Amino acid sequence: MTLAETISSALGLEGAVGQFVGGFIGAAIVGTFILANAAVAGPWAKRKITAAFTDRIAVDKLGPLGIGIIIPDAVRLISKELIVPEGVDRPAWDIAPLLIASSAILGFAVIPMGQVGPVEFQLADPEVGLAFVFAVASIASVGLVMAGYASNNKYSFLGGLRAVAQNLAYEIPLILTGISVVIFAGTLQLSGIVDAQQQTLVDLGPVGIPAWFAIVNPFAFILFLAANMAEVGRNPFDIPEAPTEIVAGFQTEYSSVYFVLIYLGEFVHIFLGGAIIATIFLGGPSGPGPASIGLLWFLVKIWGVFLLTQWARSALPRVRIDQLIEIGWKGMLVLSFANLVLTAIIVGVIA
Amino acid sequence: MSEWIAIGGLAIVAVTIPLSMMLVSWLLRPSVPEQGKRATYESGEVPTGSSYDIRFNIQYYMVALLFVVFDVETVFIFPWAVIFEDAVGNDAVGFISVFLPMAAFLGILVFGLVWAWRNGAVQWATSQQAERQRVE
Amino acid sequence: MSLEAPEPELDVGETPDGDLDYDELADLLGEHVLDREEHVNAEGFVIRPDSVETVLATLKEEAGFDHLSCLTAQQYGDRYESIYHLKKYDDPTQELSVVVPTASEEPVSGSAAGVFDTAIWHEREAYDLVGIEYEDNPDLRRILLPETWQGHPLSNDYNQDQPQIVPLREHANPMEKRTQVPDRSDTMFINIGPHHPATHGVLHLETVLDGEQVVDVDPDIGYLHRCEEQMCEQGTYRHQIMPYPDRWDYISAGMLNEWSYARAAEDLADIDVPEYAQVIRTMAAEMSRIAAHMLAIGTFALDIYGDFTAIFMYSITDREKLQNLLEDLSGQRLMFNYFRLGGVAWDLPEPREQYFQKVRDFCEYMPGRLEEYHNLLTSNELFQMRVLDTGILPPEEARSYGCTGPVARGSGIDYDLRRDDPYGYYDELEWDVITDDGCDNFARALVRLKEMEQSARIIEQCVDVLEDWPEDEREIQSNVPRTLKPDHDKEIYRAVEAAKGELGIYIRSDGTDRPGRFKIRSPAFCNLQSLEVMAEGEYIPDMVAALGSLDIVLGEVDR
Amino acid sequence: MSKEQSEPELHDTLEQAQSKQDARMGGGVDDRFNSKLRQAFGSTPFILTKFDKFMNWVRGNSMFMLLFGIACCSIEMMHTYATKHDLDRFGAGVPRASPRQADVIIVPGTIVSKFGPRLKRVYDQMPEPKFVVSMGSCTISGGPFQEGYNVVKGAEEIIPCDIHVPGCPPRPEALIYGVLKLQEGIRAGESAPVTVKPYELEQFGDLDDDALVRKLASEIDEDDLVMRYNWADSP
């Protein structure tokens, strides 16, 4: 039972009314939950993590470990003056931040985030979940291009074009690798994919190695991780906003709340990437302990991916845009084809 | 069907959250129009021309065309992947008859990729002008 | 210099024991030489303004003077004068000055731009500050001051109080001026800097892009032109000039810069430096060099990795250690003002053993750290992918642009004044000059990393020497008169190996206690000019990396 | 959405500069801390005070810095951001490369004539409320280079400065102290009055007609922005 259905039945509503009310309340809960994660990650966790990698302390004055910085940071950013530069192409310039933030949040609609107590924390579970999540996640690139082009700024313009080039390079390997998982699971429904990873692969007495696809097919997992880094635009693929080259790329001209939305969108996007990885490779919310703490395990996994992106940011150089095209088309695409065919053969022969 | 209502719900929420942030920002932010504040930022200089009237060399044009082709093809792989395991398990179909057609399809794609690769289409097109400058 | 090299062929004017026979050189130039002057560092041949190109070309091709080290322009009461300081990359002790006087009323001189590429910028600077016009210079416009500036500030009749108007307006696309590129469509002109994270300060790159590639780049400098030469001309030799060198190359390289002034002024005024002070100077200078290279590596990583990455932070951590050592020694973190003419300001901090222990600890700590840098940088495949074979600077171009320091050594030019023109205590110590034939961004970074190792070696040896120094012979300063007044019209050009390369000072004494002309030959100024060679045709990120690998400091470029 | 979009573009005639000065200096809190909500609270002093106090607390506790390096001081500034001194402990260590996203500009070095207009432009492009830390002697007064023919005698000639950190260069500890003092001031609701500075960007056509202007008339267009330095009047 999905979150929406749980809510409507808890409220005793049925039929269309129930679906609407349940859907909206569920959506609000999911939206708030994601926002809370991004709020912790953006102003605080990111700083603390990079600080840890670079021998610093970072914010530590407000609240425990400085976590209180979130409130002043958020309010201050939002209460800055909004500068609309001369010659920007409105309304595209206004829509872009909206698009970047919304599309990333929307992706979470189908992610099975596990149980909190008896409640299944998944808003909806359509048949085509995986295709949906890929589709929604790639909308953000449109937002980046819009932001870049509508800003009437040359750095933004370069950043927007780079965003497209980057999109071209990783999109197909990403989807093909995702499809190789579908071959195992036999369904696009995300809850189905999670269920397919529940068996124990190898039983080592007290500890059972679960049949997570990351363990079944580590090759695909690594390929997907790399492609995902490009999708969320983090080192070594933070090309569209490379600060030392094009100032801030597509977001150079954005101030105030628009900047917050882009920043937020990026962080939600990292979490969405993490959620996809967790769902299709790391067994979704599964983990030791009862199923009722599934959400906790899910959080651990997406924060793990977030940690990885910050680690890469602290330690890896940024590749050049032409190298990215080569990596994407000559490396990852070929590997993802090979992975797909091999997976099909292995599944076909073993089955 | 209810799934899509919930997803639609999240879509609305996903738009409402940014919009409400914009509203709060509108309430909270000052507005001090000043000379030069709205000028396009270009490292403190006055930009020469605008970014709209540039005829720009999109160096990944060929890659973009190929991308369209490959992206459409991946759509066909989705349904195949979904039914693959069932079909293999089904005695009436069998591994060979599921796998081979798709292998052939992928083979054609890979062949196309190899052809494009050999023709230098899957790489960043270098700028003639820049190359000339390098030689000089 | 190496042992395997066959007996080198002697250039015209070169004697077998490595000295110069100026008479032979004068014969080579024949009637071009109108007169001969005696400078402290070399002889000066006076020539006519219209024979500059011929004379320099002859000297370059036949007498082997392939390094136009500096161009000094100055105004006397009755004439303007440009002095071309020539050297040889093979042996920088063989020097020659070419003096070109021009009339006061119409200061027009021939240009050396056809012989040395580096002359273009040097002559632009001379035109900008002193007002001599160089015919045939392809690009004679102001370089340090805004193009609408009135007057030439280092000329005699300049009124400093007159108002000036500085415009902020669109820059013209430089491609429009250069007609040899027929098709300039599809390009985009973009200003990178002066406020831009890639420029490490306030450099302005006028860049023309075709797609992501750089078609043309024109560095526009002068956003930090702080009138250093004027400041030094207003100060007295003894104490008032020494604080300024710290602020040329301000990346903790102060000791090295101070040495350049100390060396020039000491030779000008015939001041001896006690050997003990020379050892301290050598040690302090090498600490400065490590600190400067650390920042160079850190910011280079910043350009390639993005901001606030591990390597940058690590290099800052290590710099903090060095700054502590230097602060113990001099009392300041960055602007040391530690050298004095004839020695250093004070002896090593007490207790000495403790200080030696600290320095030794650092020297022991260095190799491990360098290994870490090598792990993070040079042996990182992604890093190699980014910097290998990008930003190529061929050796012949490097020579023509007057590149020195790690930039030249990264292009395989074996040129290091510490060894080739020994000063201080360097020739008593065991160390190597690092060169690399890569000519690319990677080679320059590698040279810096390896040079730090050598510097640590030098510091260790200095500590050994200092520890054994008898207590009653610790003379830190020789006896220097309170007011220094070198003889009238005594001229000198002296250079030391600073963090960025050859940092030279030209001083002309006018008989008073202040220099008549004080000219700074900045290595970063010359190195930056070669950016065009490195960056054109490359991608934007590679241009940024090339700029980072040049390790410019705008304080030194603009002075 | 907001007010400034509907307004016509601003031109910087002297008259307008004058009226701008009056407007910004006019009684009470200047416009850069104002907002719609604040105006709505205008009639209820209790809420208004609480609201102002909260907003000051917010601004005083978190700030993004503009990534901005000029000269020697920027080296010590980098050290202040980096390990050991770690300015981010005080919520002030996130550098942003674009002025649109920065709150505080630390001016770390000598301002020379050519850079003056660019500094002004970058400062102008920052969104309100914005603060300036002038770091080092050069930014305060021209420092050791004050006598130079090309050196602006302090950043305050061009942009308003909230706090001065003396030193040549100031140690990182001093800069941290300066930033903390700035935060303290903001929390207490103090801020430097935003006045029009001696050196402003003006259109060339608006300058008084004198010998210099006539001489440059062929080189500079009427509507080009210029900054006119009167060195003789400088402190």
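Between D:Asn230 and C:Glu170, the distance separating the two model label sites (each 7 Å from Cα on the Cα→Cβ line) works out to 3.2 nm. Here the gap between A:Asp55 and A:Ala312, fully extended at 0.36 nm per residue and compared with their Cα-Cα distance, gives a gain of 90.9 nm.
Once you sort the root eigenvalues of the Cα gyration tensor of chain C as a ≥ b ≥ c, which label holds: rounded (a/c under 1.5), prolate (a/b larger than b/c) or oblate (the other case)? Rounded shape, in that the Cα axes give a/c under 1.5. Per residue, the convex hull spanned by the alpha carbons of region A:85-350 comes to 124 Å³. Between chain A and chain B, roughly 6900 Å² of accessible surface gets buried, counting both sides and using a 1.4 Å probe.
Projecting the Cα atoms of C:Pro197, A:Phe267, C:Asn41 onto the charge dipole of the protein assembly as shown (Cβ charges, centred on the Cα centre) puts A:Phe267 farthest toward the positive pole. Note on surface exposure: A:Trp212, C:Trp346 rank C:Trp346, A:Trp212 by accessible area, highest first, 1.4 Å probe.
Residue separation times 0.36 nm, minus the C-alpha to C-alpha distance between C:Asp78 and C:Ala57: what's the value? Please report the intermediate quantities before stating the final value.
Working: separation 21, 0.36 × 21 = 7.56 nm, distance 2.84 nm.
Working it through step by step, the gained length comes to 4.7 nm.
With a 1.4 Å probe rolled over the protein heavy atoms of all chains, the accessible area of C:Ser51, A:Ser292 falls in the order A:Ser292, C:Ser51, largest first. Solvent exposure of A:Lys46, expressed as accessible area, is near 30 Å², computed with a probe of 1.4 Å over the protein chains only.
Placing pseudo-labels 7 Å out from each Cα toward the beta carbon at B:Trp115 and A:Val116 gives an inter-label distance of 5.5 nm.
Holding the Cα-Cα limit at 28 Å, pick out from D:Lys130/D:Lys153; D:Lys153/D:Lys181; D:Lys120/D:Lys181; A:Lys80/D:Lys153 the pairs that are longer than that.
Numbers: D:Lys130/D:Lys153 22 Å; D:Lys153/D:Lys181 24 Å; D:Lys120/D:Lys181 24 Å; A:Lys80/D:Lys153 31 Å.
Violating the 28 Å Cα-Cα cut-off are A:Lys80/D:Lys153.
Is the C-alpha gyration tensor of region C:228-558 telling us rounded, prolate or oblate? Criteria: a/c under 1.5 is rounded; beyond that, a/b larger than b/c is prolate, otherwise oblate. It is oblate, given that a/c is not under 1.5 and a/b is not larger than b/c.
Spatially close Lys pairs in chain C, defined by Cα atoms under 30 Å apart and a spacing of eight or more places or different chains, total 24. For region D:90-167, applying the loop criterion from DSSP together with a ceiling of 16 other beta carbons within 10 Å to the GluC sites (Glu not before Pro) yields D:Glu147.
Its relative contact order, with pairs defined as Cα atoms under 8 Å and 6+ residues apart, puts region A:85-350 at 28 percent. Between C:Asp437 and C:Val12, the C-beta separation translates, for a Förster distance of 41 Å, into a calculated FRET efficiency of about 0.90. To the nearest 10, the accessible area of C:Cys462 is 0 Å² with a 1.4 Å probe.
Using R0 = 35 Å, the C-beta based FRET efficiency linking C:Asp464 and D:Tyr177 works out to 0.30.
Scan chain C and note any complete DSSP helix (H) whose C-alpha atoms cover at least 30 Å along its axis and whose Kyte-Doolittle average is 0.0 or more.
TM-like helix candidates: C:275-305.
Averaging the sequence gap over all C-alpha pairs within less than 8 Å and six or more residues apart, then dividing by the number of residues, gives region A:226-351 a relative contact order of 29 percent.
Solvent-accessible surface of protein heavy atoms, probed at 1.4 angstrom with all chains present, puts C:His204, C:His32 in the order C:His32, C:His204, largest first. Which of the helices in chain B, when you take each full DSSP H run, stretch at least 24 Å along the axis at their Cα atoms and have an average Kyte-Doolittle score of 1.0 or higher? What comes out of the filter, once short or polar helices are dropped, is B:2-28, B:61-89, B:94-118.
In this rough spin-label picture, where each label sits 7 Å from Cα along the Cβ direction, the C:Phe356-D:Ser43 distance is 8.3 nm.
Taken across both chains, chains C and D shield about 5200 Å² of accessible surface from a 1.4 Å probe. Take region A:85-350 with all the other protein chains still there, run a 1.4 Å probe, and you get 26 Å² of accessible area per residue. Accessible surface for A:Trp297 stands near 80 Å², nearest 10, in the context of the full protein assembly shown (1.4 Å probe). Based on Cα contacts under 8 Å between residues 6+ apart, chain C shows a relative contact order of 17 percent. Positive end of the dipole of region A:85-350 (Cβ unit charges, origin at the Cα centre): among A:Val119, A:Val300, A:Ser191, the Cα lying farthest that way belongs to A:Val300. In the protein assembly as shown, helices alone account for a calculated mean residue ellipticity at 222 nm of -15000 deg cm²/dmol, with every DSSP H run of four or more residues adding -39,500 (n - 2.57).
Region C:503-559 and region C:102-165 have Cα centres separated by 17 Å. A 1.4 Å probe run over the protein chains yields, for region D:46-187, 22 Å² of accessible area per residue, whole-number rounding.
Heavy-atom accessible area buried between chains A and C is around 2700 Å² (1.4 Å probe, both sides summed).
The values are calculated or read from the model by the stated rules, or taken from the named source; none is laboratory data. Note that the structure is predicted; figures quoted are calculated from it, not measured. Neighbour counts run over all protein chains shown; Cβ positions are idealised from the backbone, glycine included. Heavy atoms of the whole protein, side chains included, go into the accessibility calculation; ligands, DNA and RNA do not. Shrake-Rupley method; radii C 1.70, N 1.55, O 1.52, S 1.80 Å.
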